[in-house]
Each structure stands twice: as C-alpha cells, then as structure tokens.
C-alpha cells in the first residue's frame, strides 16, 4: 500500500541535512484488503509497487530515491523529487531446500535469511537471535555499533563495523533483488557463487542475473542502481563476543599489535574478531584505549549490556539534543579540556570492556548524533594506522578542535567502490565534531597531510561529503570507477533516462551521475 504526503521539508535523523521534497511516499506490506499477503506475495507486491512508482516518476520527469532510516550524515540518499520510505517493508523469511542451487552447501542453507529492504538491523538481530522461524538461532556476521539503519541502507552505504576477520556489512550479502524500472525486478548473484535456483526466481517473479562484476558494483551503490527490494544474507550460528577489560596502550605497543593484526590472513579463533581503539589528540603521554573481542560459543546466563538510545517526541525533540554543539562551541573551555571530558564520557559509556554478549546485544545504539553534531570517517591501510594517528593528532591540535578519534579495523571488502576495501585490513578513523565550518576544514586538512605523506585513503560514503571526481579516482583508480559506471548502466538495461531518475547532488559532486 502507498501513502503520499506531498511536498515538504525533510531532514535526516541526525539533523545534518535538509531537503525540499516534491513528495514523501510511504510503502508498506499491507494489501488494502482483509487478508495480508505473505511470503513471496509480499516480495512481489513490494517490487511491483516500486516498479509502478519508477514508471510514474519517469512519466513526470521527477527524480526519486529509496529512504531507509535516514541514518546517513551526508546527502547521499537525498533527492529533490520523491523520497520513498521503505521502513515498513520489514519482513524476513527463511527458505527451504527446494529453493537452493544444488552447489550451495547444505550446512549454510539454514543460516541464510531473506530480508526486505526496510528491516532495521535491530529488527533483524531480534529475528535471527530468537530463532522464531528457524531450527537454529543465528547472528549477523557483523554490523556497525548502531542498530537503527535498515539492512539495505547499511550495506549499500558500506556500514563497516569492526569484524577484522570477516569484513563489513556488504560482505554478508549473497543476493540482491533490484528494481530499476525495466519492467521486471532483477535478482543479482555472483556468477562465482550461485545461491538460489530457478524455482526461487520464478516464485519471486524476477529475472536472474549472475555476474560478479554487476554484483560487486551494486552491493555498494548507495541508492544509485535503483531500489533494493530484498536481500539474501548469510549468517552464523548464534555466537557471543567476549570483551576483556579495556586495555591502555602506549603508541609503540599499539603499533606492535596493529602489525600482528595486519598479518591475519585466515580465521583464527584465538585472535580478535573485533578490534578498535580510541585516542585523545591532546594527550601528551600518547595512550590509547584498546578494546577487542573474540568470537566464542554462545552460552546463556550473562548480563546484557545496557543499550544507548535517545527518544525524540512527535515534534522531533529530545531532551539535550542541542547540548553537544553548545558544549563543543562554548568559548569558556579550552579545546583540550572539552576533549578530556569527551574522553571520560566515552570511556565510561561507549567503549565495551568486560562484556560477553551476542552481537545483537552489544551493538544496539539507536542514538542520534545530536543536533549540530557531525562525524567524519576516513579509511587507511592498517599498515599506516599509527602514522595516521600521529598525523590526525597534529592536525587536531593545530586547528584547536575539540574531539577524540575512534579507530575500527575491518577485513577488506570486495565491492568496487567499498571504502573498506583497503588491504591488508582497513583502519577506519572517525571523529565526532561540531557541525560547523571547522568540521570541513578538519577533514580537508587531514586529507592534505595524508597526501603529502604519500598515504592513500578512502572516504566513508555516508559520512564524508568531500568526494569530487579527482578524489574519487585517487581513492579507487580510473578502472574501478569506469567498471562501476558500466555496471550501473547495465542494471538499467542501457536506458540513460531511467538511470538519471536516481541521480542526485551527491552523485553529481562525485562525478558519478
């Protein structure tokens, strides 16, 4: 069912971007009748609805985009046309053996879930870990620290998490139902890794496309390839992450540990599955707080970590939402004092230590970034992580910006434009800062210093708006960018008018429209 709300001003959940929409459109799984559709009927109905909206937008020459949780800090998912809210398309399904390719390993079949695009990471965690419709309880292979994103928004925007022995969210995806306006949805898999068979494709009403190239482009495509309607994801039997107490490391010892982790080239249960560290750029003693977790067998009886969240009321207000900016911008405190306060709060509330819990219990944050607060994220090779730590600290002190930095390590992803594709592991540096002109200055100055030092980098698509054609080519190379472009045209059946419906300002700035 479709509900239309007409032209309006829209803002993302973190209140970092606003847009004037031609229409805001809700799509849900209801049929408008007495009986609700189930199973394949739900999936076909959603795809048909998306198809009809694309065709209508084409006739009216109006751009459109799918909306997940509005979690991105940039305008990557924003449009000036129709924004289609998919949050109520939150079904999740399991498949019987009759729908799998004969070559797909039997032990993996009970672990595969078919999720609609709008299901949130939190909803997906609940579905998997409770084992409601499955003989076994399951868990996602990775996620970010937040659980508010939709699954399609998380992987197509390359949410990274910290699975140093697995990868980021695009890496658990093995099938994508994509609606592009060509008259029939596509079911895309890698040719090198077939999963679901012709019987499944027929029941879905889709057209099967098996192509490693198209899959690796579409999996990190931030809404530019059409509307992702559903996705097949591989999971693990439910497991727990065990975090020892948070460790304090000098930079020399931290460098030694990073070198050890860089050499991890296969799964080793004795090594961390999750690894991150935070540092205070103003700390003269150069001490980092490091936290790691190993993947272990699930056992009951351990206390669940307390989730962090902020609730907004119907007027979009929550107590204290503007406090962060007021605190960061007050002239009454020096930047290093503000940073010291942030450091203590982060150590007390946000970095996990002495915890044993499932990933769905650990990473539950649905907190906003608070109005007036923003975040930058830059990926470098783990081999350059310590140098990046030093460079970033120098820049922060030089610009007198109050902020700490959090660094998470992740195994490289295969996506053509995955910012977590840096080898041998990607170290993702994040800074939370006030959303003012110094935010952009901090980011640009760090990038300039990295370039001067000969250190390659990538920028988080959902957190960094400073991606232009030259930066894009520097990050990925002309060949990867050209291949992504060619795959995008293929997804739209070679029809440029369809493709242009999904262009937006972010794509244009990056030189990808």
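Can you name every one of the strands (runs of 3 or more DSSP E) wholly within the stretch 1-85 that holds 2 or more residues which are touching a residue at least 12 places away in the same chain (Cβ under 8 Å), under 19 Å from the mean Cα position of the chain (by Cα) and surrounded by 19 or more Cβ atoms within 10 Å (Cβ to Cβ)?
Details: elements: 2-4, 8-11, 18-21, 23-28, 64-67.
Filter on the stretch 1-85 gives 64-67.
If you check 205, 183, 223, 157, which single one turns out to be buried (at least 24 other Cβ atoms within 10 Å of the Cβ), farther than 30 Å from residue 299 by Cβ and out of contact with any strand residue (DSSP E or B) (no Cβ under 7 Å at 6 or more places or on another chain)? Reasoning before the result, please.
Numbers: 205 fails: buried (at least 24 other Cβ atoms within 10 Å of the Cβ); 183 fails: buried (at least 24 other Cβ atoms within 10 Å of the Cβ); 223 fails: out of contact with any strand residue (DSSP E or B) (no Cβ under 7 Å at 6 or more places or on another chain).
That would be 157, the only listed residue that is buried (at least 24 other Cβ atoms within 10 Å of the Cβ), farther than 30 Å from residue 299 by Cβ and out of contact with any strand residue (DSSP E or B) (no Cβ under 7 Å at 6 or more places or on another chain).
Check whether at least one residue in the stretch 22-30 is touching a helix residue (DSSP H, G or I) at 6+ places or on another chain (Cβ under 8 Å) and either under 30 Å from residue 443 (Cα atoms) or at pLDDT below 95 (or both), and report yes or no. Don't jump to the end; show me each part of the working.
At the first step, the residues of the stretch 22-30 found to be touching a helix residue (DSSP H, G or I) at 6+ places or on another chain (Cβ under 8 Å) are 25, 27, 29.
Still in the list and also either under 30 Å from residue 443 (Cα atoms) or at pLDDT below 95 (or both): 29.
Yes, the stretch 22-30 contains at least one residue that is touching a helix residue (DSSP H, G or I) at 6+ places or on another chain (Cβ under 8 Å) and either under 30 Å from residue 443 (Cα atoms) or at pLDDT below 95 (or both).
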- line: All-but-one check, residue 393 against (1) over 29 Å from residue 505 (Cα atoms); (2) in contact with a helix residue (DSSP H, G or I) (Cβ under 8 Å, 6 or more places away or on another chain), failing number (2)
message: Given the criteria in a loop (DSSP other than H, G, I, E, B) and at pLDDT 95 or above, does residue 182 qualify?
response: yes
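Quick grid of which residues meet (1) within 21 Å of the chain's Cα centre (by Cα); (2) touching a residue at least 12 places away in the same chain (Cβ under 8 Å); (3) not in a loop (DSSP other than H, G, I, E, B):
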| position | (1), (2), (3) |
| --- | --- |
| 232 | yes, yes, yes |
| 255 | no, yes, yes |
| 258 | no, yes, yes |
| 265 | no, yes, no |
| 268 | no, yes, no |
| 276 | yes, yes, yes |
| 294 | no, yes, yes |
message: Scan the stretch 437-451 and tell me whether some residue there is modelled with pLDDT of 95 or more and closer than 30 Å to residue 187 by Cα.
response: no
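Got at least one residue in the stretch 358-373 being modelled with pLDDT of 80 or more, out of contact with any helix residue (DSSP H, G or I) (no Cβ under 9 Å at 6 or more places or on another chain) and crowded, with 19+ Cβ neighbours inside 10 Å? Steps first, please.
Step one: list which residues in the stretch 358-373 are modelled with pLDDT of 80 or more, which gives 358-364.
Subsequent filtering for residues that are out of contact with any helix residue (DSSP H, G or I) (no Cβ under 9 Å at 6 or more places or on another chain) retains 362.
Applying the additional criterion that residues be crowded, with 19+ Cβ neighbours inside 10 Å yields 362.
Yes.
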task: Confirm whether residue 442 is more than 19 Å from residue 350 (Cα to Cα) and within 24 Å of the chain's Cα centre (by Cα).
output: yes
statement: Condition set out of contact with any helix residue (DSSP H, G or I) (no Cβ under 8 Å at 6 or more places or on another chain) and part of a helix (DSSP H, G or I), scope the stretch 418-442, selection surrounded by the most Cβ atoms within 10 Å (Cβ to Cβ): answer is 439
task: Could you list all residues from the stretch 500-513 that are assigned to a helix (DSSP H, G or I), surrounded by 21 or more Cβ atoms within 10 Å (Cβ to Cβ) and either in contact with a helix residue (DSSP H, G or I) (Cβ under 8 Å, 6 or more places away or on another chain) or at pLDDT 95 or above (or both)?
output: 510
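When the residues of the stretch 186-199 are narrowed to those that are in a loop (DSSP other than H, G, I, E, B) and without any contact (Cβ under 8 Å) to a residue 40 or more places away in the chain, which ends up surrounded by the most Cβ atoms within 10 Å (Cβ to Cβ)? If you could, list the steps in order and put the result at the bottom.
The initial filter retains those residues of the stretch 186-199 that are in a loop (DSSP other than H, G, I, E, B), namely 190-195, 197.
With without any contact (Cβ under 8 Å) to a residue 40 or more places away in the chain added as a condition, the list becomes 190-193.
Working: 190: 19, 191: 12, 192: 9, 193: 14.
Taking the candidates together, the pick is 190.
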Failed item in (1) part of a loop (DSSP other than H, G, I, E, B); (2) touching a residue at least 40 places away in the same chain (Cβ under 8 Å); (3) surrounded by fewer than 22 Cβ atoms within 10 Å (Cβ to Cβ), with residue 447 passing the rest: (1)
- prompt: Tally time: how many residues in the stretch 208-220 are closer than 12 Å to residue 490 by Cβ and surrounded by 23 or more Cβ atoms within 10 Å (Cβ to Cβ)?
  reply: 4
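Quick check on residue 114: is it under 19 Å from residue 90 (Cα atoms), touching a residue at least 12 places away in the same chain (Cβ under 8 Å) and not in a helix (DSSP H, G or I)? First the steps, then the outcome.
On the way: under 19 Å from residue 90 (Cα atoms): yes; touching a residue at least 12 places away in the same chain (Cβ under 8 Å): yes; not in a helix (DSSP H, G or I): yes.
Here the answer is yes, as residue 114 does meet what is asked.
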query: Filtering the stretch 91-103 down to residues that are in contact (Cβ under 8 Å) with a residue 60 or more places away in the chain and within 19 Å of residue 40 (Cβ to Cβ), which residue is surrounded by the fewest Cβ atoms within 10 Å (Cβ to Cβ)?
result: 98
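The values are calculated or read from the model by the stated rules, or taken from the named source; none is laboratory data. What you see is a predicted model; the values in this text were computed from it and never measured. Counting neighbours? That spans all protein chains shown, and the Cβs are built from the backbone with ideal geometry, glycine included.
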